[in-house]
1. May I ask you to derive the FRET efficiency for E1099 and R1032 from their Cβ-Cβ distance with R0 = 45 Å, giving the value to the nearest 0.05?
2. What is the calculated FRET efficiency for N927 to S1060, with r their C-beta to C-beta distance and R₀ = 51 Å, to the nearest 0.05?
3. Keeping all protein chains in the complex and leaving out DNA, RNA and ligands, what accessible area do you get for S719 with a 1.4 Å probe, in Å² to the nearest 10?
4. Would you tally the net charge around Q756, using a Cβ to Cβ cut-off of less than 15 Å, leaving Q756 out, and scoring K and R as +1, D and E as -1?
5. So how exposed is H974, as accessible area in Å² (1.4 Å probe, rounded to 10)?
6. Round to the nearest 0.05 the FRET efficiency obtained for Y556 and E629 when R0 = 30 Å and r is the Cβ-Cβ distance.
7. Ordering H398, H342, H1145 by how much accessible area each has at a 1.4 Å probe, largest first, what is the list?
8. Any idea what the relative contact order of the range 676-805 is, in percent, if you count C-alpha pairs under 8 Å spaced at least 6 apart?
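The values are calculated or read from the model by the stated rules, or taken from the named source; none is laboratory data. Treat the numbers as computed from the prediction; the structure is a model and nothing was measured. Methodologically, a virtual Cβ is constructed for each residue, glycine included, from the backbone with ideal geometry; neighbour enumeration extends over all protein chains shown. Side chains are part of the model used for accessible areas, which takes the heavy atoms of the whole protein and leaves out ligands, DNA and RNA. Shrake-Rupley method; radii C 1.70, N 1.55, O 1.52, S 1.80 Å.
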Amino acid sequence: MPSIWVTNMEPGCNHKPALKPEFVDFYTKLLQTFLHPLGKINASNANPLQLAAHLQKVFNVPNEIHVDMMQDELSNKPPACMLKVTVVEARDILGMDANGMSDPYCLLTVCKDEHHHSPSHEKHPHLTHWNSFPDDPTCPAPTPPVPGSEKVSRRNSDGRRSFKKGGRKKSDDATSNSVAHQFQKQRSDTLTVTSRLHKRKNSADGSGIASPRSPVHSQSMEAECVFKTTCQKATLHPVWNESFDIPISSIRDTELTLTMWDMDEETNLWQAWKSVESDHKMAGIKNLFRHIKHGINKNTDDFLGQVVISLTDLPAATRVDQWYTLQINSKGSGPSHGGKCHMRLQFVREEDYCKAGNSSMLTFYHQLASNVYRYEGQKYISEAKGPWDGKLPDISRHLLNCFAIQQGISKLSQTLINLSSLLEFHHHQSSPAYDFLSFTRLSINSLGRDEVDSVSVNSLPESLDNIQRAGEEKGQKDVNSKPGEEKGKEDSDASLMDRALREAMFHVHAEMIAETTFSIYSNEAKDVTQIYAENPQFLSYELEVTESSISTYIDYCMSPVVDCPALFPPSNVQVLDILKSKCRLNNISSLLQMKVWKDRNSIPHQRVRKLLEGAIESDTRRWLSNKLEELPQPEGSLKPADLLKLLDRLGEGMGDMMAVLRPTKEYQNFFMRFTVDYNKVVAGETDRMISASLRDVLNQLNQYQVRYQKFPENIAESSKASLKLYMTVKKMYSVLKANNHTCDGLEMTNYHTWFQEGLIFWLVTFKYETFDRVRRALEMDKDVALVHSVVKYSNSAVDAQSCFAKVTEEWQKIGFEGVDSRCMAITKITDLICEGAKLYAASIHKKLEENGFYRSNSGQFDIKDKLCITLNNIEHVRAYLDNLPVLLDWEQTVNSLASHHDNLAAGKLTYSTLQRMTTKASRDIINMSGLLERKIADKMCQEVIKVLGKVVNPRGDGGAKEEHLDEFFTYIDHNLETLYKQLMQQIFPRIVEEVWNALLRGIISLMQIGKQPQYYQELRESLEALESYFQRPGLALDSAKIQGYQYSFLLSQLDLNSLSTHDLMLRYYKEMATDMATPGEYFGHLGIRMACKEETGGEKTILIKVCNAVDLPGMDRSGTSDPFIIVEILPETAFDKPLVQQTRHVQHNLNPVFDETFQIPSVPLELIEAGGVISLTVMDYDVLWSNDFIGEAFIPLQQARPISMNQSVDHCPVIMMPVKRPHAASGGAFDILKNRSKWDKIARAFHTRRLKAIENQKPRTDKGTSGPPLTNARLAPFLRQTLVRLHSYMYSVPALTTDKS
């Protein structure tokens, strides 16, 4: 309890000790509250004088000063008050609308009772008070000055109160008794007991329950005299929860009237009231109410009932919370009452209540409650009644309630402050030497014995002698008492205090529930966070003092935690019971779970969290330190044996730690009641200690591996040990992560970076072990035997793939977190497995080559099981490469890389690199396997070729050919069946394809040339049969693989050789005419016009006009030529006799102009469509010798333009054709005709003629170039002349003009 006296006096000051000014204000406010109560005083409660006397005892104020301050306050005018009205809800009201519902709202007004008027009302228009009405039996009259007292102002010059011992004529006891006697005498002379019934009887239903929600204060809508609630639509159970603060000028003969109405949207009572003149609002609204109740005014809202409450009947120091019956005073028939209305009423002091926040009154109440609890507790203990149970006597409880209610302090605030006061008393009681008594003794010593009167000294709880004696007795008791008895007493004290705390917390909980729900008809319930969000200042002061007192209580309760058993490891649940008992954690948990906290981060939550976390961390640190001290500590550089021992012991120690670090549900749930995450705290402390030791060991490991990096055995040994440690650390991190879900602050989160250097040595070890196992697997698989009858490969393939699988599985277990490091490692592992697979395939080929398999062997070849198993082994190992994208999780790795560096291109490039590595390795392995497959196919074909030759070149009749074909298919069936049974499913199609291609190569090599077309037609039929055989479902060769390059070549040769000589000549000339390739040497151009006319019988007449030639080569010695043109339709076999025509020769001219037209009648349409051509051969005329060949040009007959019978060829455009010289061509129709020339005369004639044109090509003698001219100067005159002739000809012939149009 803080001192109430001013003790720090200035030097040389003669003033006597005085009360502190702040205490004077506080004590005056208390006296004002108790001496001027608001409302009717209940005879069962203490009267104001008793409250004032009890207040004096609580604060130990000297009697002289107490009487002086009480007389001063009684002489003051009572303060103004307000009536706080809360309209909570209503039930079972009348339904006035057509839908059976109502739209209710309430009007409230305070007015004088017209039927009961007292003259005293006019004398005392201010606040009605127990000391103001002589008719009130509970209200004493004003107290006159005490007779015989010589008191004047008892204030010093500085405003502080003082008192003198020698200045009194009577003792303080006599003075006090005189004041009480005069007070009671004056009250009995002036007050008489009156009892009357109110004209309107209020029906208060005691069954109503207080609203669990603090209402929102509403303001007056229009005037000071009438207040209106909101209108609730379509309901018979409206809920408002609206509060109104109504100023009260006098309580005497004053009534509170509540009227409930059904809102009419067109004309309502509130609008009618607003229309009343402001000077006569009260009279107007009374008349308006009266008319409505008596049915005079029908055009307004419907009347639902009213409640009239006399203010003189409202008790003082009480919060009224009741259900009132709505009375209906209607004439004639109808209900007498219409439901009930739930209201809360209480008087509050206007001056204090209207202050913002009312924090000063909360401070005063806190001081009052703290002193009351301390006084009552010390009094109870000093009277040797045993430990105090925290229950206040009725007078103290009434003292607190009276002050709280009249100052407008809510019940929730009151209960919170009471709880804080109880905890403060517990703290002072639990402190050594009883601080309260020590403080009292100190206050007496500071005043001096000569300056303190006997009354004030005797009024203290204990005298100095009693204090000292009590201390001596306590010390003697402590010495002589037994531990069991002392513990029993402490347990008894704690039990009573715990019970008192639980009761106080129960009241807080009940009041907080009242704040969140307030109506039985409303589903609306606010959460605590919502209340604080709407009103940030809600319970600000109350929570501040509550947090302080609870935090102090928590410190006291948690002090024995050091004597409790260790909280780690969590092996014994009984430890929690001991901790809960010694530290009173049940009380702390209840305090922390009160609904008043905004969140679980208040000061008490933080305090208990800090204390418990500190205890858990301390015990965890102690246990881990003992474990880490057991690790070997080698001196100097690590030797191999020391390293392995250190890593193994560290891994074993971490395994033991993980065994006790598993999340424990019992411990976790226990500490979560105090917002302490047990597992997270343990994980955090473990992480800090383990991380430090682990980094130190890894530094030594890195130094060791750098020192021994040239020794593979040492690196492999240390890498295996470090990898084992890494897996242990990973498991440890997963355990810590399970305990600490957010992983905030864990140093081990980046544990993978500690193994960054070790990762390189892991990959190197993987490579060495993989290659070594592949080599050893091939060495051990000498017999190439099947692993099992079900599988089709041997042990070496199984061992090789198992080695690859071990690497990928090991990497999956590693799960390295670093993005860049993981990408690097995956690339290295992919390359490692690719190289290992290639090594396996290359080793097999080397083994086959050493055994002479690839050398030619003329003996009979049969498919062996070992060859099939060898192929299967290679394919089995290669197939593992296809699974690497999934096994190594390429996609996620490259996506993480791209996201980490914010570079999508880097991710794509990495993925393509990985794909390229596996694709190239697969292609190389398939190529090596393809060599073996082709060799097998070739060896098979060496046997097949003998039978195939009989099929390709049969001798005898057709039956022999069929027999040979059956023999061929029998051999193929036998070998393919063996391959199908022994080879893997993915290899068999490849080797079948190789066999097919080998057969095609054999047919091509066996096929003869120059045979009759029938020979090739029969061979094609055999090829079709062979093709059908290989297209069977079991062989699974599709068309794309069958019709490959060799098949296409063979088929084209068969088709050409199957044609007749005439068709071959047509194909040859067609190829010559459609050849658009630029000639290697330029020999000029020919200009022609070409047309055709229809004839009867489906034939056509071909018209050809040879116009001119340009840039012809010189063939004579003079460098010129005498050119002429031979016109002929080819092939000549289309006619009975050759149709050969020629132009005249033009001497000494390389750009001759001929202008000669030739007509070839009766050309068959079939020849035109089949590809017949017109041959234009340019020759050099010689008189003595044979004509020289200059060149030739071919044009298809299909290009002849159709013209009518009356048109000429001049109507057609000129076609410029390059002059070419033929060359010897290999293959095609020319070679076939050449080969047929042995037995075909027509073919021989064709070959002879074409061979002459090819071989007899005289070189040119002019100075011409090998290319076309650079300009068209030579063509210009000819083109100009041609255009002039064409123009004059078209306009000179009318028929042509008409047809043209």
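1. It comes out at approximately 0.30.
2. On the way: r = 45 Å, r/R0 = 0.88.
It comes to 0.70.
3. Surface accessible to solvent at S719 totals approximately 0 Å².
4. +1
5. Accessible area of H974: about 110 Å².
6. In this case the efficiency is close to 0.25.
7. The ordering from most to least exposed comes out as H1145, H398, H342.
8. Reported relative contact order: 26 percent.
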